[in-house]
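Notes to accompany the following structure.
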Amino acid sequence: MTIFASMITPQGNLEPLPERQRFVAFVIAAGLVVLIFELVRRRKLREEYSWVWVITAIGLAVLAWHQDLLLTLSQWVGSSNAVSTLFFGALLFLLALVLQYSVRLSRLTHRHRTLGQRLALLEEEMQRLRRERAREQDKLPQRLPGDRDEVA
Amino acid sequence: MSSPTVLVIPAYREAGRVGGVVRAALALGLDLDVLVIDDGSPDLTSAEAKHAGATVVRHPYNLGYGCALHTGYCYALRRGYQRVLQMDADGQHETAMLRRLVEGLDQGADVVIGSRYLEGQGPPSSLARRLGTRLFAWVATRWTGVRITDPTSGFQGLSHRALASVVNDGFPEDYPDTDVLVEHHRRGLRILEVPVRMHARLGGTSMHRGARVAYYGYKMIVTLLLLPVRRATPLRAPDTVARLS
């Protein structure tokens, strides 16, 4: 209960983000958006992986622009200053991203395994069917070039 | 398919050994087909096995021991085999002991494990591996209620009931040992251990070496802890490999 109460009540005077740092954060966010769109345009990054980065960049820009929001957030997480909150957010983002990639990697590993197994079994089946067909053709009477079909 | 039984031999980089194992198995006169799963070997494993008289299924790339076994099981089910025997390609398992596995299946067991520890000590191994084997043998025995002394043995025989169970896509791709035995027990399959002779490897490298032994322990503990609550298969449709259209 004490923890929840401390999250609601203001805790001293938090230092706002200096103007220069706000500007740098805003430039980084804008640069990130431009970079992500450029990578998508060049088809080096798929759309499905780009949205997390774009949302992060937008989040960074919003926090840099709205001082009150950043200070409230700092108060919630118990941060002593606004810059630490930004770093904390970046760390959380990276953790979430790595976890998401691990899940995707596990799924891809399983699909890759299944694909390899199915390919191996199908190749064996194809070779066996070819051998059987060749054996059947060997059993059929050979048709010579001069042979004609008898028509009643 | 010329016999109701197939011997599955997973092999990776076993050129120089697999041919002898295949020939020895065929020479037993046990009425079985021999299938070698070449797990993407860069050497002449496939050619040697084929030349010795085995059917060969070749993975396009290395997928792991468990995957090779799983491919063998799927092949056996698709081709309508009633029983599966499995052994290693490195000459560690004595082919004459296959008769004991067959006898175990004849007695009505669904899973027959060839144990190197029921009679004697087996070939020498590292201290970590010996300790791990003892620990997991104890876990398997307590969980299944059947005395299991060699949970890491790849020398096994499976009935058709067991075969229908192991083709599930959730079959472990690296170390199918204690977790699979426990799963057999949970599915109501009858497990039996029979004594077999095993020898030191004729060559190649063991998959239980170095840091892998530590990973093996971690992986097995996590798998066993989650086993009662884990989803059976990672894909939505089960048996996607075994039931090709």
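The values are calculated or read from the model by the stated rules, or taken from the named source; none is laboratory data. Predicted, not measured: the structure shown is a model, and the values here were computed from it. Because the Cβ atoms are built from the backbone with ideal geometry, glycine has one as well, and the counts that use them run over all protein chains shown.
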Legend entry - All positions within the range A:97-110 that are within 14 Å of B:Leu63 (Cβ to Cβ), more than 8 Å from chain B (Cβ to nearest Cβ) and surrounded by 13 or more Cβ atoms within 10 Å (Cβ to Cβ): A:Thr109
Legend entry - Number of positions in the range A:53-92 that are touching a residue at least 40 places away in the same chain (Cβ under 8 Å) and closer than 16 Å to A:Ile28 by Cβ: 6
Legend entry - Scope the range B:107-153; condition among the acidic types (Asp, Glu) and either within 19 Å of the chain's Cα centre (by Cα) or surrounded by 22 or more Cβ atoms within 10 Å (Cβ to Cβ) (or both); matching residues: B:Asp110, B:Asp150
Inset, instruction - Please find, within the range B:40-61, the residue that is nearest to A:Gln117 (Cα to Cα) out of those that are hydrophobic (A, V, I, L, M, F, W, C) and within 11 Å of another protein chain (Cβ to nearest Cβ). - result: B:Val57
Legend entry - the range B:175-217: number of residues that are modelled with pLDDT under 85, surrounded by 14 or more Cβ atoms within 10 Å (Cβ to Cβ) and in a loop (DSSP other than H, G, I, E, B): 6
Inset, instruction - Of the conditions (1) within 21 Å of A:Arg128 (Cβ to Cβ); (2) more than 10 Å from every other protein chain (Cβ to nearest Cβ), B:Ala68 clears all except one; give me its number. - result: (2)
Legend entry - Condition check for A:Asp68: away from every other protein chain (no Cβ under 14 Å), at pLDDT below 85, in a helix (DSSP H, G or I) and surrounded by fewer than 10 Cβ atoms within 10 Å (Cβ to Cβ): no
Inset, instruction - Need at least 2 residues that are hydrophobic (A, V, I, L, M, F, W, C) and closer than 21 Å to B:Pro172 by Cα per element, so show me which strands (runs of 3 or more DSSP E) inside the range B:1-116 make the cut, counting only ones lying wholly within it. - result: B:5-11, B:33-38, B:83-86, B:111-115
